[in-house]
Amino acid sequence: MICRNKEKIRLSLVAEPIRERGKVTGFQVIGQDITESWKMKEKLLKTEERYRTIFESANDIILLIDEKGNIIDINHKVSNIGGLHRENLIGKNLNELTGIIPAGSLRTILGLFPGG
């Protein structure tokens with residue numbers, strides 16, 4: 001929507017029919033300005049795109065793990081360096097990768113988390 005001051009805003013609209021004797025005679029429309037939340041969503045999407053580009057184009061293996069050591073995501077570099085497939089690693093726990101990650105490194109990584 002374009003306002004009188006020429007500013008463009010985004011609206012969320014809900015329309016309900018007005019009925020008289022069973023016939024629709026008009027509509028009641030309620031609108032909410034969602035411009036700021038829309039801008040924030042767009043900014044977040046751009047940030048996620050940049051992150052994904054960096055994540056996928058890095059020259060190193062990058063792992064995202066939860067506090068229990070489960071692999072949430074891993075970039076495709078794991079295929080180039082380790083010959084492994086990321087689909088086979090997502091969901092696994094770092095403890096299952098003892099042949100790939102040296103035990104000392106594994107203890108260090110897991111020690112970074114509370115209770116690790």
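The values are calculated or read from the model by the stated rules, or taken from the named source; none is laboratory data. All values reported here derive from a predicted model rather than from experimental measurement. Using ideal geometry, Cβ is built from the backbone for each residue, glycine included, and neighbour counts are taken over all protein chains shown. For the accessible areas, the whole protein counts, side chains as well, though only heavy atoms, and no ligand, DNA or RNA atoms are used. Shrake-Rupley method; radii C 1.70, N 1.55, O 1.52, S 1.80 Å.
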**Q.** Virtual spin-label span in nm between residue 96 and residue 5, 7 Å along Cα→Cβ
**A.** 5.7 nm
Q. On full extension of the chain, what length is gained from residue 87 through residue 35, given 0.36 nm per residue of separation minus the C-alpha to C-alpha distance?
A. 14.9 nm
**Q.** Degrees separating the helix 35-57 axis from the principal Cα axis of the chain, which is the longest one
**A.** 20 degrees
Q.
Suppose all protein chains stay in the model; what accessible area per residue would a 1.4 Å probe give for the range 1-100, in Å²?
A. 81 Å²
(Q) List the residues, sorted by chain then number, that are 5 or more residues from residue 75 or on another chain and whose placed amide H is less than 5 Å from its amide H. (A) 62
Q: Only residues of the range 45-61 count here: report those whose backbone N is under 11 Å from the spot 7 Å along Cα→Cβ of residue 76, or say none.
A: 56-58
Q) With each label point set 7 Å from Cα along the Cα-Cβ vector, what nm distance links residue 105 and residue 21? A) 8.2 nm
Q. Roughly speaking, what is the stretch gain from residue 54 to residue 68, that is 0.36 nm per residue apart minus the C-alpha to C-alpha distance, in nm to one decimal?
A. 2.6 nm
Q) In the neighborhood of residue 94, defined by Cβ-to-Cβ distances under 11 Å, what is the net charge if each Lys or Arg adds +1 and each Asp or Glu adds -1? A) +1
